[in-house]
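Student: Below you'll find the structure I mean.
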Amino acid sequence: MGPLRAAAARGLRRGGGGGRGAAPAAREGTKGSAARGGRPAPPAALHLFGDPAEVEALRGSLLAWYDECKRDLPWRVLAVTEPDVNRRAYAVWVSEIMLQQTQVATVIDYYNRWMQKWPTLQALAEASLEEVNELWAGLGYYSRGKRLQEAARKVVSELAGQMPRTAEDLQKLLPGVGRYTAGAIASISYGQATGVVDGNVIRVLCRLRCIGADSSSPPVIDRLWAMANALVDRSRPGDFNQALMELGATVCTPKAPLCGECPVKQHCRARLRVEKELALASRKLLGKLPVVPDVEDCSVGGCPLCPPAAEPWDSSLGVTNFPRKAAKKQPRVEQTATCVLERRGRRGALEYLIVQRPSSGLLAGLWEFPSVPLAPGLQQEQQREVLVDHLQAWAGQPVAAGSLRFIGEVVHVFSHIHQTYVVYSLSLDGDVTLDLASSPSRWVTEEEFRASAVSTAMKKVLRACERQRGEESGPATGSKRKRGAKPGAAGSTRPGTQLSLRTFLRAPNPP
């Protein structure tokens, strides 16, 4: 067949996978056409579940599929085997926090380690933030672990160790628990008939009912919550919510949905539209119909759930026309100068100096190599001077910029920041004591470094240093990176040479 059939068929066949996503933050929605009187038109029947018989059929098909095909996940086992309601709710709570913006495959090991170390709310409440950060290191979005522990302490100290029993109270009383997390805990742990809306649910519902307006806008999010609450099975709310999310994670995936394997495909109006287009294209090729595109299935002008006029249905995308989101903001670009300070410890092992970040803000409370933000547009020598000024807080006396040894640049992309670390290293003599009073700090071995609460970005920085050290110890010696001082300048040395702290602290010779 022609390109239309081929493209649509690809959209129905290809498969993919993914983890659970948190519901997008509500943003100002796109403005649609208004009906008379200045009010938006109500959504058409195309976008709603108006037939009770269809709702019952959808519930039955989805739950039957879930019972047969659900993944075996540790938190699901605890949710059905743990008799203590507080432990059960805690186990679900931990999983839901970890699963926000993180793939299931990544979460499993973290979850098992967490529950082994802190099997109850009381155990977590007694832990230190340092311990929490150490276990969370590498999972990303570090404030999640901090808020989880804060909420656990509140349950123990203010609620007598009893978890709130409804979605409304969970959201109201526990810091860091939003509408989605509260609904998930209440439905899975307590059997409360309340829906949930996360990234997977948004995708499934938007495709089932051809919702093409910005899925992150407050009006659309409100509609999706109303739809989820209406659909949830009253006898098995927790299983139904997990089934809806499982469907989005394993079948109704973002880019390559397995429509042929979908247990609710007969209820999917996005798929029905694709089938209509295939039929129309087939009849056109047979000469039975003139070319009359079937563009609009919604007859309500200014429908708040239809795609904006500027973004019509794209036949090549098939069901992946839905959902639609506002254009994603580009992450801001930042640069940070970082210095890996090394020394030989008492037993000859290589040690690194790490310092603790502030207790609030990005990567709060985590440990890192001494680092300082760089203003935009600085030249290489200016960047070195900024780092030298920062290091003087540790050394307590003037530092020569030429003492720093350039390693390279390490890029790490956070959700909203494109961060480039300009990395230097310096080897110190062990017989000199640095002034470490300006911030919590400690010397650690490589093994201790990896066990500490350090970010993935800092692990990348250390790997860059180790990689260069390995290259220089091989047959081809000498550094390929020549961002250091010019030959003959104060504090300069041969490429690849490690400097002592005495050299590091030596003030530049006067001109």
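Student: Please report, ordered by residue number, the helices (runs of 4 or more DSSP H) entirely within the range 59-148 with at least 1 residues that are within 21 Å of GLY183 (Cα to Cα). Break it down into steps so the answer makes sense when it comes.
Tutor: Values: elements: 74-81, 85-99, 104-117, 121-126, 129-136.
Counting at least 1 such residues, we get 74-81, 85-99, 104-117, 121-126.
Student: Could you tell me whether any residue of the range 390-413 is touching a strand residue (DSSP E or B) at 6+ places or on another chain (Cβ under 7 Å), closer than 25 Å to GLU134 by Cα and not in a strand (DSSP E or B)?
Tutor: no
For every residue, the table says whether it meets (1) among the small types (Gly, Ala, Ser); (2) free of Cβ contacts under 8 Å to residues at least 24 places away in the same chain; (3) more than 22 Å from SER441 (Cβ to Cβ).
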{"site": "ALA364", "(1), (2), (3)": "yes, no, no"}
{"site": "PRO370", "(1), (2), (3)": "no, no, no"}
{"site": "ALA375", "(1), (2), (3)": "yes, yes, yes"}
{"site": "GLN392", "(1), (2), (3)": "no, yes, no"}
{"site": "GLY408", "(1), (2), (3)": "yes, no, yes"}
{"site": "VAL422", "(1), (2), (3)": "no, no, no"}
{"site": "SER427", "(1), (2), (3)": "yes, no, no"}
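Student: Now for a different question. If you take the residues in the range 453-473 that are farther than 18 Å from SER427 by Cβ and not in a helix (DSSP H, G or I), which one is nearest to the chain's Cα centre (by Cα)?
Tutor: Among residues in the range 453-473 that are farther than 18 Å from SER427 by Cβ and not in a helix (DSSP H, G or I), the one nearest to the chain's Cα centre (by Cα) is SER455.
Student: Looking at the range 438-454, which of its residues are out of contact with any Lys or Arg (no Cβ under 8 Å at 6 or more places or on another chain) and either farther than 12 Å from GLU134 by Cβ or among the aliphatic types (A, V, I, L, M) (or both)?
Tutor: Taking the range 438-454 first, the residues out of contact with any Lys or Arg (no Cβ under 8 Å at 6 or more places or on another chain) are 438-442, 444-449, 451-454.
SER438, SER439, PRO440, SER441, ARG442, VAL444, THR445, GLU446, GLU447, ALA451, ALA453, VAL454 - these are the residues of the range 438-454 that are out of contact with any Lys or Arg (no Cβ under 8 Å at 6 or more places or on another chain) and either farther than 12 Å from GLU134 by Cβ or among the aliphatic types (A, V, I, L, M) (or both).
The rows are residues; the columns are (1) modelled with pLDDT of 85 or more; (2) polar (S, T, N, Q).
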site: PRO290; (1), (2): no, no
site: GLU296; (1), (2): no, no
site: SER299; (1), (2): no, yes
site: GLY302; (1), (2): no, no
site: THR320; (1), (2): yes, yes
site: LYS329; (1), (2): no, no
site: VAL340; (1), (2): yes, no
site: ARG347; (1), (2): no, no
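Student: Exactly one of (1) surrounded by fewer than 19 Cβ atoms within 10 Å (Cβ to Cβ); (2) in a loop (DSSP other than H, G, I, E, B) is unmet by VAL177. Its number?
Tutor: (1)
Student: Can you work out which of the residues in the range 325-341 that are buried (at least 17 other Cβ atoms within 10 Å of the Cβ) and touching a Ser or Thr at 6+ places or on another chain (Cβ under 6 Å) is nearest to ARG209 (Cα to Cα)?
Tutor: Per the criteria, the residue is GLN335.
Student: Hey, another quick one. Suppose we filter the range 225-280 for residues that are modelled with pLDDT under 95, in a loop (DSSP other than H, G, I, E, B) and either crowded, with 18+ Cβ neighbours inside 10 Å or on the phi > 0 side of the Ramachandran plot (or both); how many remain?
Tutor: 0
Student: Turning to a different aspect of this structure: When both residues are 6+ apart or on different chains and their Cβ atoms are under 6 Å apart, which pairs have a first residue that lies in the range 138-157 and is assigned by TED's automatic domain parsing to the domain that holds THR181, and a second that is of a type in the set (Ser, Thr, Tyr)?
Tutor: Between residues of the range 138-157 that are assigned by TED's automatic domain parsing to the domain that holds THR181 and residues that are of a type in the set (Ser, Thr, Tyr), the close pairs are GLY138/THR456; LEU139/TYR110.
Student: When you look at SER316, is it in contact with a Leu (Cβ under 9 Å, 6 or more places away or on another chain), at pLDDT below 80 and of a type in the set (Gly, Ala, Ser), yes or no? Step through it out loud before you land on a result.
Tutor: Values: in contact with a Leu (Cβ under 9 Å, 6 or more places away or on another chain): yes; at pLDDT below 80: no; of a type in the set (Gly, Ala, Ser): yes.
When the stated conditions are applied, SER316 does not pass them.
Student: Within the set of pairs 6+ apart or on separate chains, which have a first residue in the range 67-88 that is in contact (Cβ under 8 Å) with a residue 24 or more places away in the chain, a second that is among the hydroxyl-bearing types (Ser, Thr, Tyr), and C-beta atoms under 7 Å apart?
Tutor: Going by the 7 Å Cβ cut-off, the qualifying pairs are PRO74/TYR111; TRP75/SER95; TRP75/TYR111; ALA79/SER189; VAL85/SER189; ARG87/THR120; ARG88/SER189.
Student: Given (1) farther than 19 Å from ILE417 by Cβ; (2) out of contact with any helix residue (DSSP H, G or I) (no Cβ under 9 Å at 6 or more places or on another chain); (3) not aromatic (Phe, Trp, Tyr), where does GLN383 come up short, assuming only one miss?
Tutor: If we test GLN383 against (1) farther than 19 Å from ILE417 by Cβ; (2) out of contact with any helix residue (DSSP H, G or I) (no Cβ under 9 Å at 6 or more places or on another chain); (3) not aromatic (Phe, Trp, Tyr), just (1) comes out false.
Student: Across the range 342-367, which residue is farthest from SER143 (Cα to Cα) among those that are within 28 Å of the chain's Cα centre (by Cα) and surrounded by fewer than 13 Cβ atoms within 10 Å (Cβ to Cβ)?
Tutor: Once the filter is applied, the top-ranked residue is PRO358.
The values are calculated or read from the model by the stated rules, or taken from the named source; none is laboratory data. Quick caveat: nothing in here was measured; it's all calculated off a predicted structure. Note that we place each Cβ from the backbone using ideal geometry, even for glycine, and neighbour counts take in every protein chain shown.
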